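Everything below concerns the one structure shown next.
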Amino acid sequence: MQKPDIHPIVAAKQALVRYGVLIAALLLVFALVLGWDAWHQGAAGRASRTVAAEAQRIQDAVGQTLDELVRHFDQGRNDPVVIAATASGDNAAAAKAFVGDWPDAGKAAFFASDLAATYADAAHFGYGRLAALDSALNSGNAVVTVARVDGKPQLLLAGPVKQGGEVKSLVLAPLPLDTLAASVKSAQPGAGYLALRFHEFEVGGIGDASLAQNGDVASIKLRENGFQILTASPHATGGLFGVSALLGYILAALLAAAAAWLLWHSRQPMSASAGGPVAADDGEGTMAQQLENAPQPEHKIVVRETPKPAPIAIERSIFRAYDIRGVVGSTLDASVAKLIGQAIGSAMQDQGLKEIVIGRDGRQSSPEMANALIDGLRAAGREVVDIGMAPTPLTYFAAFQLRTGSCVSVTGSHNPPDYNGFKIVLGGETLAGDAIQALYARIAENRLYKPATPGGVQQREVAAEYTQRISEDIQLERKLKVVVDAGNGVAGMLAPEVLEAIGCEVAPIFCEVDGAFPNHHPDPSDPANLHDLIQMVQRLEADIGLAFDGDGDRLGVVTRAGEIIYPDRVLMLFAADVLERNPGACIVYDVKCTGHLASHILRHGGSPLMWKTGHSLIKAKMKETGAELAGEMSGHFFFKERWYGFDDAIYAAARLLEILATRDENADAVFAELPKGFSTPELKAPMDEDDTHAFINTFRERAKFEGARVATIDGVRADWPDGWGLVRASNTTPMLVMRFDADTPEALTRIQNVFRQQLLAIKPDLALPF
């Protein structure tokens, strides 16, 4: 018997019975998501307003406390009894009178106004204390700062004691940080975070400190004296699909109402309709009831165990301290590059990062390595912006300009032509150390993210934007003639154009990009590679000569007189310039820099900080300390002031020329004003790949340096009053790196002999270059 046709209304009712609950559930889930998102947006806004209000209150409270401390301090140093005691040279009596009824200042001390004794033993006295006294002497007023004293950060007040306008002595009063921290501890930042900082020191903080890393962060300067109030609140998003909080609540309510309507109608009994035939009621209930009572088929659920991914063999030695680097055709090829790309993409997936910029240097292997890397990133679902051939600083700049926060520069840097590698930035952090090793572990254990749909790739040019950004910030006061030697590295495609844009007359040599480096190796730290540049500067009577390494992140400088200006002395010039606008700023330098650098920074009112060698390690330290400037003896310069904080030799060259153009003297005269000893360049002793770090560990344990202050943050550095020496393991090539610097040639020879004896005692066959 043929079944009667089902009326459309009945069919719709049947569909409603079958699928109404499911649709209602989906609508309800979506309503909950929109409602939660709207609440989250509102909570973030409330948290931001709360912490901002508390910051304003704390700003006022800390300001009042500082004013009171300075008032008390000034009252003490201007006390007639104190002035008379210092004038007679009785510092003990001066200290007793100064403390008076101020017990917190019980450790106040007085010092001679020439600071000769403190500078003679600056390391023992403490750079932070010395900087406070020097700043007070130069300004003629009370100075408030924070420095580490006896291993603990303390609040320092320093000021001159004057008689008749003449400075008789300087007083330094250390106070506990709790004096200021109490104001912060009383704050109520709600769901946010609030902290009082002085450059790299945190005076006190309260709330969720993790927000300082992943929330919306702002800072308020406190009276231009180095103190700042940092605020952080939960990250305020734009809402799902760009929906505001109010609209989110409205949509959530409408979706919830629709879900309720569906649920109610799907449970109603089906009635006859005049529109068509309906089966007679046979006493078995409504269709909804029949569907509920119908026997359900049995389903067997089979659980299959996911097989563990097979491990992947890859050479571990290419995963170095602050980048990935290997020999193409031996430890590195396209298949390895693709795995590295997929590992980077998988790490981005874990961090919720989607877009990444890729740039490459001019090596012959770089196009193949970059394409394979991009394939790996896309296989991990990442969206790639390919900027093509570019100096490493341009790749870093693109990550800021295009707001990806992540980038990889495919480059062998200053290594031989058969090397290549990857410098990696993810979410604004330059990968180094454990983060690099984590990429190796991810590949070796085959923990690679593999979505069903690969990511895309687009090409983009950013060189013009980079040039415009620099030229808008820097224009020379007078034209300078500059010789640029790129060593056939990738900087040659951009550096001359940038320097011409800021007002230079540029004479380029070896600026044609050629990955075989046919003229000389692109490593300005080796004096042999600067011979052609010096000759051309002298022949053209140019103002200065500039050399770049293979990927444009290291700078070399020579003068018309043929002098090589080592990067630590260039950093002195940069530091003095930056500190004019940022008094008290932290300046970071690596262990290979001259001992004169710290005192030069102090003399100009800055806070020197020596740290480990390595571009990624220096950048991390800058971020940790809030430093405005950093530099390495290798020629890396990092400007946070007016720039982005990454190492950029092209921008550093522009800043150097900006300084020189303001001076009437020539470059030789300008650099002659800077402290200078008798020093060596970087000296290198090749070793087997696996021996360098083991050798340094043994040397650190056995070496003895009588009368020297020894630092072991990176290798072994021994400082004597008249000079210093260093030996460390290179993190980029298998060799020991050494440098020596002293006040006299005799002291330099003595220090080298001490090191030679200690080095050969451990490895008699070591071929030393001195």
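The values are calculated or read from the model by the stated rules, or taken from the named source; none is laboratory data. Being a predicted model, the structure only gives us computed values, none of them experimental. Here Cβ is always computed from backbone atoms with ideal geometry, including for glycine, and neighbour counts include all displayed protein chains. All accessible areas refer to the heavy atoms of the entire protein, side chains included, with ligands and DNA or RNA removed. Shrake-Rupley method; radii C 1.70, N 1.55, O 1.52, S 1.80 Å.
Residue farthest toward the positive end of the dipole of segment 103-155, with Cβ of Lys/Arg at +1 and Asp/Glu at -1: which of T118, V149, L133?
Farthest towards the positive pole: V149.
List the residues, sorted by chain then number, that are 5 or more residues from K168 or on another chain and whose placed amide H is less than 5 Å from its amide H.
Result for K168 returns V161, K162, Q163.
Dipole size in debye (nearest 20) for segment 395-521 around its Cα centre, Lys and Arg Cβ +1, Asp and Glu Cβ -1?
Dipole magnitude for segment 395-521 comes out near 460 debye.
Assigning unit charges at the beta carbon (Lys, Arg +1; Asp, Glu -1) and nothing else, what dipole magnitude in debye, to the nearest 20, does segment 613-770 show about its Cα centre? Don't jump to the answer; show the numbers that get you there.
Values: 19 positive and 25 negative charges, 82 e Å.
In debye, rounded to 20, segment 613-770 gives about 400.
Under 5 Å between amide hydrogens, which residues at least 5 positions from E505 or on another chain qualify, with H placed 1.01 Å from N in the peptide plane?
For E505, the qualifying residues are L480, K481, V482.
Once you keep just the Cα pairs under 8 angstrom separated by 6 or more residues, what percentage relative contact order results for segment 634-676? It would help to have the intermediate numbers written out before the result.
Values: 23 pairs, mean separation 9.8, N = 43.
23 percent.
May I ask you to compute the full-extension gain from D114 to A84, defined as 0.36 nm times their residue separation minus their alpha-carbon distance, rounded to one decimal in nm? Intermediate values should be presented prior to the final figure.
Working: separation 30, 0.36 × 30 = 10.80 nm, distance 1.85 nm.
So the extension gain works out to 9.0 nm.
Quick check for you: which residues of segment 627-661 have the amide N under 16 Å from the point 7 Å beyond the Cα of E477 toward its beta carbon?
655-661
Report, to two decimal places, the Cα Rg of segment 46-192 normalised by 2.2 N^0.38 Å (N = number of residues).
1.19
Whole Å is fine, so just give me how far the alpha carbon centre of segment 515-581 lies from that of segment 428-475.
29 Å
Find the Rg to Rh ratio for segment 74-132, where Rh is the Kirkwood radius over alpha-carbon pairs and Rg uses the same atoms.
My calculation of the ratio gives 1.00.
Going 7 Å from the Cα of R700 along its beta-carbon direction, which residues of segment 712-726 have the amide nitrogen within less than 18 Å of the resulting point?
Answer for segment 712-726: 712-719, 725-726.
Under a cut-off of 18 Å between alpha-carbon atoms, report the lysines in cross-link reach of K152, not counting same-chain residues fewer than 8 places apart.
K107
Show which aspartates and glutamates lie in cross-link reach of K354 when reach means a straight Cα distance below 19 angstrom and same-chain residues fewer than eight apart are skipped.
Candidates past the 8-residue exclusion: D375, E383, D386, E429.
Mind ranking 484-490, 459-465, 394-400 by how tightly packed they are, going by the mean number of other C-beta atoms within 10 angstrom, highest first?
Working: 484-490: 28.9, 459-465: 13.9, 394-400: 25.7.
Those peptides, ordered most packed to least, come out 484-490, 394-400, 459-465.
Going through segment 494-555, which GluC sites (Glu not before Pro) have at most 14 other Cβ atoms within 10 Å and a DSSP loop state?
Within segment 494-555, the qualifying GluC sites (Glu not before Pro) (loop, at most 14 other Cβ atoms within 10 Å) are E512, E541.
Segment 697-756: Rg/Rh from Cα coordinates, Kirkwood Rh?
Using only Cα positions, Rg/Rh for segment 697-756 is 0.97.
Compute, for S135, the solvent-accessible surface of its heavy atoms (probe 1.4 Å) with the complete set of protein chains present, and express it in square angstrom to the nearest 10.
The value for S135 is about 40 Å².
So how strong a dipole does segment 367-428 carry about its Cα centre when Lys and Arg Cβ are +1 and Asp and Glu Cβ are -1, to the nearest 20 debye?
240 debye
Return the lysines within reach of K763: Cα separation strictly under 18 angstrom, same-chain partners fewer than 8 residues apart disregarded; answer none if there are no such residues.
Excluding near neighbours in sequence, the set is K684, K704.
Mind checking the full-extension length gain between A93 and R756? Use 0.36 nm per residue of separation minus the Cα-Cα distance, one decimal, nm.
Values: separation 663, 0.36 × 663 = 238.68 nm, distance 5.05 nm.
Residue separation times 0.36 nm, minus the Cα-Cα distance, leaves 233.6 nm.
Net charge near D647: determine it from the other residues with C-beta under 11 Å of the C-beta of D647, scoring Lys and Arg +1 and Asp and Glu -1. Could the numbers behind the result be given before it?
Values: positive: K423, R554, K619; negative: D549, D551, D553, E632, D648.
Once all neighbours under 11 Å are counted, the net charge is -2.
Past the 32 Å Cα-Cα mark, which pairs from K168/K592; K185/K619; K481/K621; K450/K592?
Over 32 Å Cα-Cα: K168/K592; K481/K621; K450/K592.
Could you work out the local net charge near S183, counting Lys and Arg as +1, Asp and Glu as -1, over the other residues with Cβ closer than 13 Å to its Cβ?
Taking every Cβ under 13 Å from that of S183, the sum is -3.
Which stretch or stretches of segment 543-579 have amide N atoms under 13 Å from the point lying 7 Å from E641's Cα along the Cα→Cβ direction?
571-579
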